[in-house]
1. Run the reach check for LYS169 against lysines, Cα to Cα strictly under 27 Å, same-chain hits fewer than 8 apart removed. What comes back?
2. Which cross-chain or sequence-distant (5 or more) residues have an amide H under 5 Å from the amide H of VAL197, H modelled 1.01 Å from N in plane?
3. Using a 10 angstrom Cβ neighbour count of at most 12 plus a DSSP loop assignment to flag exposed trypsin sites (Lys or Arg not before Pro), which longest range of the chain is free of such sites?
4. Can you pull out the GluC sites (Glu not before Pro) in the range 107-211 whose DSSP state is coil and whose Cβ has at most 11 other Cβ atoms within 10 Å?
5. What is the spin-label model distance, in nm, from ARG55 to ASP11 if the labels are put 7 Å beyond Cα along the C-beta direction?
6. Check which residues have an amide H placed less than 5 Å from HIS115's amide H, if you skip close sequence neighbours.
7. With a cut-off of 16 Å, note down the residues of the range 116-135 whose backbone N falls inside the zone around a label point 7 Å from the Cα of GLU179 toward its beta carbon.
8. Report, by chain and number, residues whose modeled amide H sits under 5 Å from the one on PHE134, excluding near sequence neighbours (fewer than 5 apart, same chain).
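Here, each number is a calculation from the coordinates, and none is a lab measurement. Please read all numbers here as calculations on a predicted model, not as lab measurements. Every residue, glycine among them, receives a Cβ derived from its backbone with ideal geometry; neighbour counts consider all protein chains shown.
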Amino acid sequence: MMELLPEFVEDYASAYSDPEPETLKKLNRDTHAKVLQSRMLSGHLQGRLLSFISRMLQPSRILEVGTYTGYSALCLAEGLTEKGKLHTIDHNPELEDFSARYFKMAGKDEQIIRHQGEALDVIPLLKDIFDLVFLDADKKNYVRYFDLILPRVRKGGVILADNVLWSGKVFEPPDEKDEEAMGILRFNDYIRDHKGVRQLLLPVRDGLMIMEKI
């Protein structure tokens with residue numbers, strides 16, 4: 001696995017960024033202590049970036065694909081309008097109580113709506129038009145998720161896609177057997193050539209693609 005950003009650089013950037021709210025700090029610790037694949041957590045620096053983008057947009061409707069333990073949902077929810085809602089989708093029922101506990105602890109449980117199931121099945125059932133979307137689920141389906149989501153995003157709305165550098169595998173010769181890496185490669189090429197969005201790929205954490213619907 002390639003180290004994309006030296007740890008001391010990320011530590012320095014975190015030290016000069018807003019601190020984690022206490023609830024998120026506890027969620028961060030508990031995820032690493034109690035949950036498998038804790039590397040999936042957005043973490044301090046990326047979490048503050050998600051919060052910053054959301055607070056700038058002041059969205060009334062947010063969609064998240066891939067809840068995990070709820071860290072990124074809480075970061076995104078910081079920018080919601082007073083009556084705003086965040087819909088988050090995850091297929092893993094084992095983490096539902098875990099994330100729900102922190103949503104309540106942060107006082108966001110009334111604004112966050114959790115959907116249990118496969119995102120490809122759930123997204124077509126949603127009726128809202130979204131201001132902000134965060135895509136952080138299985139990578140092999142990123143293009144399919146994007147195609148379902150784009151018509152449900154308002155003009156000028158923002159879509160964020162996580163892990164678009166995929167631990168440096170985008171820089172290596174493609175391995176056709178690695179479905180997740182191939183999914184990221186397909187997605188990055190697809191977005192680069194897509195006429196419906198403007199995009200910026202930031203080398204933050206594992207790579208974050210920022211897209212604006214035009």
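1. LYS139, LYS140, LYS177, LYS195
2. Amide H neighbours of VAL197: ILE214.
3. Numbers: sites that count: LYS83, LYS127, LYS177, LYS195.
In the chain, the maximal stretch lacking such sites is 1-82.
4. Working: sites: GLU110, GLU118, GLU176, GLU179, GLU180; in loops: GLU110, GLU118, GLU176.
Listed in order of number, the matching sites are GLU110, GLU176.
5. Placing both labels 7 Å along Cα→Cβ, they lie 2.6 nm apart.
6. THR88, ILE89, ASP90
7. 118-121
8. LEU63, GLU64, VAL65, LEU160
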